[in-house]
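Have a look at the structure below before the remarks.
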Amino acid sequence: MINVPVLVVGGGPVGLTMALALQKRNIRTLVVERNPTTTRHPKMDVTNGRSMEHFRRLGVADKIRDVAVPRDHCMDVSWVTRLSEWELARFDYANVHKWRDNIRARNDGSQPLEPNMRLSQVVLEPALREILESCPLVDLRFGWAFESQTQDADGVTATIRNTSTGATETVRCALLAGCDGGSSLVRDSLGFSCTGRWNVLPFYMVHFRTPSKGLMQRHGQAWHYQSPVGGTLIAQDDEEIYTLHNLIPPGVDPKSIDPKKFLFESLGVDFPCEVIQANPWCPHLVVAEHFGSGRVWLAGDSTHQFIPTGGYGMNTGIGDAVDVAWKFAATLQGWGGPQLLATIESERRPVALSNCDAAEENMAMRLKIAEACSPTIHADTAEGAAARATLGRLILDLGNLENEAFGIELGYRYRNSPIVCGEQNEPEWRIQDYVPSTWPGVRAPHVFLSTGKAIFDLLGPDFTLLAFSDIDVSDFVEAASKRGVPLEVVRIRDPHARRVYECDLVMVRPDQHVAWRGQQIPSDPLAVIDRIRGA
């Protein structure tokens, strides 16, 4: 029998991130993944700024960026009639270096500390796996499948199976995390299902390599090339690897599709290429009815599946992983209260529901553009030019919210959370803009201090009390010590940061969300500590 504090089922980006976060908190972890290797499917191509903030906290952001699309490459989105024809509209987005300059120049709390990163999941997973293989507290077992679990008062007993030999082993753990994807067996073992819209649209994906860089970039370098008839072409490395997603025409049997023919017809031109992977797929818009119970909890696609418009799927999963990891660690280390694990659902499920709706709205915007399209846009005539100009104006007027929704990416908040000392007068929330605030439940704003350091980089690994004045906080420290809650006090003397943070005292959780704030020490600091630790 294998004895380990935490068993993580699933070796995708969510499971690997959870293992990384747990080992950062000195928690031994066993990760089992039924597939023998990391994925061959390019399921994701952007890691947003919030996820990159998490990776920065985990100490791996630069390592991951080193294997991503180079930092000096743009993130533009180009709309074209077809790749071989005309560009209709372009949304310009800065590369990582320019984005960093913009973040530092603005410094008003409205920006992420880390820019987005262009990176396919087929590259991210091996990078995370390599990092974890050097972590002594993590046991990675690819080619091992989860079969079953039973809970009791003291822990979880799970059975895992070697997919090559059929041999089984028993794992005894205190806590189990199900990060095993949309067809989650861990979720099934709990008796939970997902609700929402299944098989929303039929797509076909062609992941390919080509030497025809000039053709691929005939409209200039871009991250996405969108077409109302040709689907979405994703530049995975700006050199030779690309991925096309396009709708399967009505009445076409997916089994009859020839990948190269489908690719050439979508882009409007033949060219030399090697198909790496090709398959039909259908996105879903579903969220699990529950996110866990007792000692078994879920994260990532096992709890939510979205249309990838906006890139919310994996990035929401990274947030799930960080949330589950700190709450697991607090429970195992003895300072987490009996209500803490239940807040995984009460905090993360509303985020999943909101992001599911946003992904659906983004797809509706793309469909609106497709509906406004006429065959005339492909004509090399005056009428064709006029039709392209009209469609281009519509695209620009509709905007590109799916790549600009800072409110979704940075502004999600834990309203009415039982482990947040809530306040009335909730600040404004907007989808496109992140409105910086320290209202309890929101992500603490990023600000560079006058010293050049980022407040995020000063936060401790667990709870941090930011003090923007000389208030005596010894009662808070004593209350935390009495409950065994790890708490660091960081004193900041920076008028600009104080204005952004709104109060003299701000308590920040391990996941950088605000748990409590005030102008002075509360009358009962122990009650505050008990609340934010889940007691």
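Check Q277 against each of (1) out of contact with any helix residue (DSSP H, G or I) (no Cβ under 6 Å at 6 or more places or on another chain); (2) over 24 Å from V122 (Cβ atoms); (3) surrounded by 14 or more Cβ atoms within 10 Å (Cβ to Cβ) and name the one condition it does not meet. If we test Q277 against (1) out of contact with any helix residue (DSSP H, G or I) (no Cβ under 6 Å at 6 or more places or on another chain); (2) over 24 Å from V122 (Cβ atoms); (3) surrounded by 14 or more Cβ atoms within 10 Å (Cβ to Cβ), just (2) comes out false.
Working only within region 321-353, note down all residues that are in a helix (DSSP H, G or I), touching a residue at least 60 places away in the same chain (Cβ under 8 Å) and farther than 30 Å from N400 by Cα.
Restricting attention to region 321-353, the residues satisfying the condition of being in a helix (DSSP H, G or I) are 321-332, 343-353.
So of that shortlist, the ones also touching a residue at least 60 places away in the same chain (Cβ under 8 Å) come out as 321-332, 343, 346-347, 349-353.
Within region 321-353, V324, A325, W326, K327, F328, A329, A330, T331, L332, T343, S346 qualify.
Please verify whether A359 is farther than 19 Å from C503 by Cα, buried (at least 16 other Cβ atoms within 10 Å of the Cβ), in contact with a Ser or Thr (Cβ under 9 Å, 6 or more places away or on another chain) and among the hydrophobic types (A, V, I, L, M, F, W, C), treating the condition exactly as stated.
On the way: farther than 19 Å from C503 by Cα: yes; buried (at least 16 other Cβ atoms within 10 Å of the Cβ): yes; in contact with a Ser or Thr (Cβ under 9 Å, 6 or more places away or on another chain): yes; among the hydrophobic types (A, V, I, L, M, F, W, C): yes.
Here the answer is yes, as A359 does meet what is asked.
Sub-6 Å Cβ pairs linking a first residue in region 62-91 that is without any contact (Cβ under 8 Å) to a residue 40 or more places away in the chain to a second residue that is of a type outside the set (D, E, K, R) and part of a loop (DSSP other than H, G, I, E, B), at least 6 apart or interchain, are D72/N95, ordered by first then second residue.
Considering only region 242-254, state which residues are surrounded by fewer than 20 Cβ atoms within 10 Å (Cβ to Cβ) and in contact (Cβ under 8 Å) with a residue 24 or more places away in the chain.
Step one: of region 242-254, the residues surrounded by fewer than 20 Cβ atoms within 10 Å (Cβ to Cβ) are 245, 247-254.
H245, L247, I248, P254 - these are the residues of region 242-254 that are surrounded by fewer than 20 Cβ atoms within 10 Å (Cβ to Cβ) and in contact (Cβ under 8 Å) with a residue 24 or more places away in the chain.
Answer yes or no: is there a residue in region 190-213 that is free of Cβ contacts under 8 Å to residues at least 60 places away in the same chain, in the same structural domain as P250 (by TED's automatic domain parsing) and not hydrophobic (A, V, I, L, M, F, W, C). The answer is yes; a qualifying residue exists. Exactly one residue out of H245, H219, H207 is in a loop (DSSP other than H, G, I, E, B) and either of a type outside the set (D, E, K, R) or in contact with a helix residue (DSSP H, G or I) (Cβ under 7 Å, 6 or more places away or on another chain) (or both): that is H219.
Note on region 84-139: residues that are among the β-branched types (V, I, T), in contact with a strand residue (DSSP E or B) (Cβ under 9 Å, 6 or more places away or on another chain) and farther than 25 Å from P5 by Cα amount to 3.
In this structure, is A19 surrounded by fewer than 21 Cβ atoms within 10 Å (Cβ to Cβ) and in the same structural domain as I131 (by TED's automatic domain parsing)? Give the derivation first.
Values: surrounded by fewer than 21 Cβ atoms within 10 Å (Cβ to Cβ): no; in the same structural domain as I131 (by TED's automatic domain parsing): yes.
In short, no.
Could you look through region 183-198, keep only residues that are among the polar types (S, T, N, Q) and buried (at least 19 other Cβ atoms within 10 Å of the Cβ), and pick out the one that is farthest from T157 (Cα to Cα)? Only one residue tops the list, namely S184. If you go through region 56-85 and pick out every residue that is in contact with an Asp or Glu (Cβ under 8 Å, 6 or more places away or on another chain) and over 22 Å from E402 (Cα atoms), you end up with 3. Looking only at region 305-315, decide whether some residue is within 30 Å of L487 (Cβ to Cβ) and part of a strand (DSSP E or B). No: zero hits. Only one entry of C273, C356 meets the criterion of being over 25 Å from E409 (Cβ atoms) and either touching a residue at least 40 places away in the same chain (Cβ under 8 Å) or more than 20 Å from the chain's Cα centre (by Cα) (or both), and that entry is C273. Screening the candidates S51, S84 for the property of being among the small types (G, A, S) and either part of a loop (DSSP other than H, G, I, E, B) or not assigned by TED's automatic domain parsing to the domain that holds F142 (or both) yields one hit, S84.
Anything in region 22-66 that is of a type in the set (A, V, I, L, M, F, W, C) and either more than 30 Å from D462 (Cα to Cα) or under 18 Å from the mean Cα position of the chain (by Cα) (or both)? List them, or say none. Of everything in region 22-66, those that are of a type in the set (A, V, I, L, M, F, W, C) and either more than 30 Å from D462 (Cα to Cα) or under 18 Å from the mean Cα position of the chain (by Cα) (or both) turn out to be L22, M44, V46, M52, F55, L58, V60, A61, I64.
Summed over region 36-55, residues that are under 21 Å from H97 (Cα atoms) and either touching a Leu at 6+ places or on another chain (Cβ under 6 Å) or surrounded by fewer than 18 Cβ atoms within 10 Å (Cβ to Cβ) (or both) total 3.
Here's a check for you: in region 207-225, which residue that is at negative phi and among the small types (G, A, S) is surrounded by the most Cβ atoms within 10 Å (Cβ to Cβ)?
Filtering region 207-225 down to residues at negative phi leaves 207-219, 221-225.
Retained after the next criterion (residues that are among the small types (G, A, S)): 212, 214, 222.
Working: S212: 15, G214: 8, A222: 26.
Ranking the qualifying residues of region 207-225, first place goes to A222.
Among the residues that make up region 442-453, is at least one of them among the hydrophobic types (A, V, I, L, M, F, W, C), within 21 Å of A105 (Cβ to Cβ), in the same structural domain as V500 (by TED's automatic domain parsing) and not in a loop (DSSP other than H, G, I, E, B)? Yes: region 442-453 contains one or more residues that are among the hydrophobic types (A, V, I, L, M, F, W, C), within 21 Å of A105 (Cβ to Cβ), in the same structural domain as V500 (by TED's automatic domain parsing) and not in a loop (DSSP other than H, G, I, E, B).
From the list T316, T303, the one residue that fits, being without any contact (Cβ under 8 Å) to a residue 40 or more places away in the chain and crowded, with 22+ Cβ neighbours inside 10 Å, is T316.
A count restricted to region 367-386 and to residues that are farther than 14 Å from V229 by Cα and either in a helix (DSSP H, G or I) or in contact with a Ser or Thr (Cβ under 9 Å, 6 or more places away or on another chain) (or both) stands at 5.
When region 156-175 is examined, which residues are found to be of a type in the set (K, R) and buried (at least 18 other Cβ atoms within 10 Å of the Cβ)? Quick ask: steps written out before the conclusion?
So the first thing to find is which residues in region 156-175 are of a type in the set (K, R), and the list is 161, 172.
R161 - this is the single residue of region 156-175 that is of a type in the set (K, R) and buried (at least 18 other Cβ atoms within 10 Å of the Cβ).
The number of residues in region 250-292 that are outside any strand (DSSP E or B) and on the phi > 0 side of the Ramachandran plot comes to 2.
The values are calculated or read from the model by the stated rules, or taken from the named source; none is laboratory data. Not measured: the values here are computed from a predicted model. Every residue, glycine among them, receives a Cβ derived from its backbone with ideal geometry; neighbour counts consider all protein chains shown.
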